[in-house]
Amino acid sequence: MNSICRRRRSQSLFAASLGVLLWFAAGCGNRPVTSHVPPAPSTGPSPNPAASAAAHPAPGTPVNPNYSEQGLASWYGYPFHGRRASDGEIYDMNQMVAAHRTLPFNSIVRVTNLDNGKQAEVRIIDRGPFVEGRIIDLSLAAARALDMVGTGTAPVKLELVAGPANPVAGVFAVQIGAFSDEANADRLRDRLVESYASVTIQEIDTPTGNFYRVRVGRFATQDEAQQAAIKLTQDGGFNSFVVRLDEGQ
């Protein structure tokens with residue numbers, strides 16, 4: 001009798017345990033998958049659905065075949081977080097935004113990390129980076145999406161998802177120096193005005209104080225500006241960057 005009771009108790013415990021295991025397995029099998037795709041950048045309320053679709057293109061939207069670029073991406077946060085970006089809005093490092101030297105503001109760019117294949121789409125609101133070899137400066141949110149926060153930089157490919165039909169149209173200049181001392185910027189400008197019709201100084205406010213950027217020329221195409229940048233580098237040894245001249249510059 002005791003043997004029968006023990007056997008029945010063992011069978012009951014086994015059945016109960018099996019039921020718990022089956023319930024747990026069913027729960028795991030139906031657990032929803034969490035998406036880690038970064039949210040689309042917020043550009044404020046859209047006046048209509050068509051405008052919203054243009055501002056936030058769906059994944060897989062064909063890229064603009066006129067534009068593709070490869071180089072190093074970096075990212076920036078403090079002390080620039082909360083300060084005005086070049087387009088006038090407040091830079092928020094937790095939004096999917098970025099800085100680029102020549103693309104028009106509000107262009108939507110798909111960034112692919114060539115080390116791991118991860119992608120993110122960012123809106124251009126700022127100008128930079130002014131470091132040789134780097135082509136885009138990302139927000140912290142975008143850097144996280146691309147898994148490059150720890151490394152600081154990563155090789156990337158840029159593709160234009162939304163923006164002007166001709167992203168290289170506009171007015172461009174060549175930046176050849178940035179100085180914390182205005183007198184140094186003045187001396188460089190005075191040295192170059194004999195050879196170039198247009199040499200200007202742009203004063204900018206940064207977290208570490210004012211800087212004075214020396215820029216040469218007003219070129220109708222990006223190609224013309226690039227040729228001038230090559231000549232300035234070869235003849236004067238300058239670290240030259242082609243930059244878009246935005247409204248008012």
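The values are calculated or read from the model by the stated rules, or taken from the named source; none is laboratory data. For clarity, every value in this text was computed on a predicted model and none was experimentally measured. Note that each Cβ is placed from the backbone with ideal geometry, even for glycine, and that neighbours are counted across all protein chains shown.
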Quickly run through segment 148-189 and pick out the residues that are assigned to a helix (DSSP H, G or I) and either over 19 Å from residue 218 (Cβ atoms) or aromatic (Phe, Trp, Tyr) (or both). 182, 183, 184, 186, 187
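With the requirement that a residue be farther than 14 Å from residue 142 by Cβ and in a loop (DSSP other than H, G, I, E, B), what does segment 86-106 give you? Give the derivation first.
So the first thing to find is which residues in segment 86-106 are farther than 14 Å from residue 142 by Cβ, and the list is 86-90, 101-106.
Answer for segment 86-106, where residues must be farther than 14 Å from residue 142 by Cβ and in a loop (DSSP other than H, G, I, E, B): 86, 87, 88, 89, 101, 102, 103, 104, 105, 106.
Consider residue 147 carefully, then state whether it is touching a Lys or Arg at 6+ places or on another chain (Cβ under 6 Å) and surrounded by fewer than 24 Cβ atoms within 10 Å (Cβ to Cβ).
Values: touching a Lys or Arg at 6+ places or on another chain (Cβ under 6 Å): yes; surrounded by fewer than 24 Cβ atoms within 10 Å (Cβ to Cβ): yes.
Yes: the conditions hold for residue 147.
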Only one of 103, 114, 138 is among the aliphatic types (A, V, I, L, M), surrounded by fewer than 19 Cβ atoms within 10 Å (Cβ to Cβ) and touching a residue at least 40 places away in the same chain (Cβ under 8 Å), namely 114
Could you please let me know if residue 236 is within 22 Å of residue 86 (Cα to Cα) and touching a strand residue (DSSP E or B) at 6+ places or on another chain (Cβ under 9 Å)? no
How many residues are in contact with a helix residue (DSSP H, G or I) (Cβ under 7 Å, 6 or more places away or on another chain) and surrounded by fewer than 16 Cβ atoms within 10 Å (Cβ to Cβ) when one looks only at segment 150-167? 0
Across (1) over 21 Å from residue 87 (Cβ atoms); (2) in contact with a strand residue (DSSP E or B) (Cβ under 9 Å, 6 or more places away or on another chain), residue 151 clears everything bar (2)
Looking at segment 54-77 only, could you name the residues that are part of a loop (DSSP other than H, G, I, E, B) and either within 20 Å of residue 169 (Cβ to Cβ) or at pLDDT below 90 (or both)? 56, 57, 58, 59, 60, 61, 62, 63, 64, 65, 66, 67
